[in-house]
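The numbers here are math on the coordinates, done by the rules we state, and not lab data. This structure is a prediction, so every number in the text was calculated from the model and none was measured.
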Amino acid sequence: MGFWTYMLHCADRSFYVGHTDDLEHRMAEHISGQMGGYTSTRLPVKLVWSDEFPSRYEALQAERQLKGWGRSKKLALIRGDWKMISELARNAQEKGRASTGSARTDRGD
């Protein structure tokens, strides 16, 4: 059994990042509004990225990392643009900002 980290694009143009052991079921909960919380007030939502991990711990670590990313870096991930992700990470380091960690998942860069 795998674990998933996923990113949703919400109707208000924000992103939501989470993890689960059943992506199909979790998506149904988000789409129907059953999840409550953040996404239920920003419907409709669309799955824009997901990746499978061998353990819940690794999926949670990936979720926390993505939550620390700005909008530009998240958009690069959705496009699969690893060169841009590296450039954005390098720019963040040069400016003295951490490029990973827990932070907001909304529209902030």
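At-a-glance table
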| quantity | calculated |
| --- | --- |
| Share of Cα-Cα pairs in region 3-94 lying beyond 15 Å, as whole percent | 60 |
| Average Cα contact separation per residue, the chain, under 8 Å, 6 or more apart, as relative contact order % | 30 |
